[in-house]
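We did not get these values from a lab; they are worked out from the coordinates using the rules stated. The shown structure was predicted, so the numbers you read here are calculated from the model rather than taken from an experiment. Because the Cβ atoms are built from the backbone with ideal geometry, glycine has one as well, and the counts that use them run over all protein chains shown.
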Number of protein chains: 2
Amino acid sequence: MEEFEFISKIKPKRKHHRTVKVGIGDDAAVYEPNKAMNQVVCVDTMVEDVHFLKEKSSPRDIGYKALAVNISDIAAMGAMPLYYLVSIAIPNSWNEEELFEIFAGMEELATQYQMDLLGGDTVATGNKLVITVTVIGEVEANVSLLRSKAKDGDVVFVTGTLGDSSAGLALLLDNISIDNTYIRDTLLMRHKRPVPQVRAGRLLAKLDRASLNDISDGLASELHEIAEASQVGIVLNRIDVPISSELESVADKFDITKWVLYGGEDYQLVGTISLESWDELIRLCNDSNIKMTKIGYVDKNLRGVFSKKDDQLIPINKLGFNHFR
Amino acid sequence: MEEFEFISKIKPKRKHHRTVKVGIGDDAAVYEPNKAMNQVVCVDTMVEDVHFLKEKSSPRDIGYKALAVNISDIAAMGAMPLYYLVSIAIPNSWNEEELFEIFAGMEELATQYQMDLLGGDTVATGNKLVITVTVIGEVEANVSLLRSKAKDGDVVFVTGTLGDSSAGLALLLDNISIDNTYIRDTLLMRHKRPVPQVRAGRLLAKLDRASLNDISDGLASELHEIAEASQVGIVLNRIDVPISSELESVADKFDITKWVLYGGEDYQLVGTISLESWDELIRLCNDSNIKMTKIGYVDKNLRGVFSKKDDQLIPINKLGFNHFR
């Protein structure tokens, strides 16, 4: 199938945003941004056998996740995702039906966020499929939830629960086994279909100031990024880090600490805000049914990330990263 | 080297546009578009052994071209390129120095157009390097140089000269040899370092209406796209298609017609405008020292692309595409 025929098949039937003047199919797409908003853009690539295994995930799940990890970056800026572009380098080992399924998985998620597909490219390659997604969003001009914004005395917070994605990965790779089907499927799904925290990001955008990261490389690694960019230290109350009931139920069988602190790919948001803003954030999150947990504090006299135990500070290193190679 | 260290090395030392609020290095980049302009965005991927050969092109040339082909898409919309994002999937066979050279090649071209690098991703992959570049530009809100805008009686035009890139590719692959060093190097460079026609695109944006494509897949293929999207026929005066003096000088040795009509990767602009606009376009191009040539006309009673010879119309098929596989 030639590229134009392929594009005509993946072309969305309708557009979500009237700001799209020219969609997929010409040399480039054209859109007209909302005038009161800044534009936010990011790109992320997923590679076969590095970020996903063909025999372990459906093409639909792979597509879903390729878009989800990018939306998560947009969420970590407090922005709304609006548009996406997709480029796929395709080896012979993938057939057309599988490629359409990848796009269908992305469209599933895109529809949830009313995102428009603006363009892309499909090319042949060697032995590994490579999916690159670009996402463009927008955020109010006065908002900047950067990792450099942490300040002394800030509350360190995290959305949702951590460690499920890593447990799911361990299941996927048959490194562990869990008999309970519901728990197994739930953990697998948390790995295959992470939920980008756009709503939480939008709430944080309403506050005066916040530092923010999405958790792609593990909690410890993301906290180190914030500490380094903000030139502060972060103290973590290990016991406060939230985990799901599913993970809790297998905590006696496995060493879940490494999943929770270093596992990564949870795509929750972690960041810091002032003590004064914390009450407002909790109220906003309760109203919106978003799980938000205080897990530590910022100390300007420290550098790095620490775990507090019996008033002792134990350094936590970066580690993180759970790719297949 | 870890990703953050890598990013710090490729991070531009200064920004060209004050509209960049957050550049490369956070979850996503933030920029604030000029309010009177539409945003234009495109993405294109280059794959080792499909779009370039490591042993035949320097990493710097490969980087240059990866960005150039994207700028060319922006030019084909009459827009100004402003920002770019780069994602690279890297096999073990490429070392760090070569990767920096790829970015250096892009920066060379980016500096010419005062483009800011807004972000990117670097990941490991199997056996082939994959470079994906996203470019964002802007164009006046009333301009839309789409391939669907051709009308009956339009002049068909092309910028620059055609066929050099394909001749360069034939040289690169040792399919042909040329003794004259200057001619050989010129043709090779036209293949390795195509010049995106941004200035010509900007002139076309000043006219009432134009259909426009950049020539990535060959003149015949691009004309077919315009004819199809506009539901018209295009008649080409084969003899008027401009070729360089370098290609002319070897025309007796090789069959240059296939390079000129089907070769592709010239990244010139081809399109159609009304007869009334043609005089104005020629005047604008003369003032700006841009080579612009009339090569045919649009006929609403035809469908497809034809070559005219002795008042006979001979259909020209699409073909095109000169990838290595």
Helix-only [θ]222 nm of chain A, DSSP H runs n ≥ 4, -39500 (n - 2.57) each, per residue, nearest 500: -10000 deg cm²/dmol
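Under 8 Å for C-alpha pairs, at least 6 residues apart: give me the relative contact order for the stretch A:3-140, rounded to a whole percent. Walk me through the numbers before you get to the answer.
Values: 254 pairs, mean separation 52.2, N = 138.
Once divided by the residue count of the stretch A:3-140, the mean separation gives 38 percent.
With an 8 Å cut-off on Cα pairs and a minimum separation of 6 or more residues, tell me the relative contact order of chain B in percent. Please list the in-between numbers first.
Working: 736 pairs, mean separation 73.0, N = 325.
22 percent.
Please average, across the residues of B:44-53, the number of beta carbons from any other chain that are within 10 Å of each residue's own beta carbon, and give a whole number.
Mean shielding by partner chains, rounded to a whole number: 4.
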Radius 12 Å from Cβ of B:Ser249, net charge of other residues (Lys, Arg +1; Asp, Glu -1): -3
Among B:Leu281, B:Leu169, B:Leu82: highest mean-square fluctuation, GNM of chain B, C-alpha pairs under 10 Å: B:Leu281
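If we count every other residue with Cβ under 13 angstrom of A:His17's Cβ, Lys/Arg +1 and Asp/Glu -1, where does the sum land?
Details: positive: A:Arg14, A:Lys15, A:Arg18, A:Lys21; negative: A:Glu32, A:Asp116, A:Glu138.
That sum, taken over residues with Cβ under 13 Å, equals +1.
I need the peptides B:308-315, B:245-252, B:112-119 ranked by packing, meaning the mean over residues of other C-beta atoms within 10 angstrom, with the highest value on top.
On the way: B:308-315: 10.0, B:245-252: 14.8, B:112-119: 20.9.
My ranking of the peptides, most packed first, is B:112-119, B:245-252, B:308-315.
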Mean Cα-pair separation over length for the stretch A:30-102, i.e. relative contact order, pairs under 8 Å, 6 or more apart, %: 37 percent
Fluctuation leader among B:Trp278, B:Trp259, B:Trp94 - chain B, Gaussian network, Cα springs under 10 angstrom: B:Trp94
Label 7 Å beyond Cα on the Cβ vector: A:Asn289 copy-to-copy distances, nm: 6.6
Residue with peak Gaussian network fluctuation, chain B [Cα springs, cutoff 10 Å], from B:Thr159, B:Thr125, B:Thr134: B:Thr125
Long pairs among A:Lys128/A:Lys206; A:Lys21/B:Lys54; A:Lys318/B:Lys9; A:Lys149/B:Lys15; A:Lys65/B:Lys56; A:Lys9/A:Lys56, criterion Cα-Cα beyond 31 Å: A:Lys128/A:Lys206; A:Lys21/B:Lys54; A:Lys65/B:Lys56
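Label chain B by shape, choosing from rounded, prolate and oblate, from the square roots a ≥ b ≥ c of the eigenvalues of the Cα gyration tensor; if a/c is under 1.5 it is rounded, and otherwise prolate applies when a/b is larger than b/c, oblate when it is not. Numbers along the way, then the final one.
Values: a/c = 2.15, a/b = 1.33, b/c = 1.61.
Oblate shape, in that a/c is at least 1.5 and b/c is the bigger or equal ratio.
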log₁₀ of I(q)/I(0) at q = 0.12, 0.18 Å⁻¹ - the stretch A:207-325, Debye sum with one point per alpha carbon: -0.46, -1.04
Cβ-placed point charges (K, R +1; D, E -1), dipole of chain B about Cα centre in debye, nearest 20: 600 debye
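Could you order peptides B:190-197, A:99-106, A:262-269 by the average number of other Cβ atoms within 10 Å of their residues, highest first? Intermediate values should be presented prior to the final figure.
Details: B:190-197: 23.5, A:99-106: 20.9, A:262-269: 26.4.
Output ranking for B:190-197, A:99-106, A:262-269: A:262-269, B:190-197, A:99-106.
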Dipole magnitude (debye, nearest 20) for the protein assembly as shown, charges at Cβ of Lys, Arg, Asp, Glu: 1060 debye
Neighbourhood net charge (10 Å Cβ-Cβ; Lys/Arg +1, Asp/Glu -1) for B:Thr161: -2
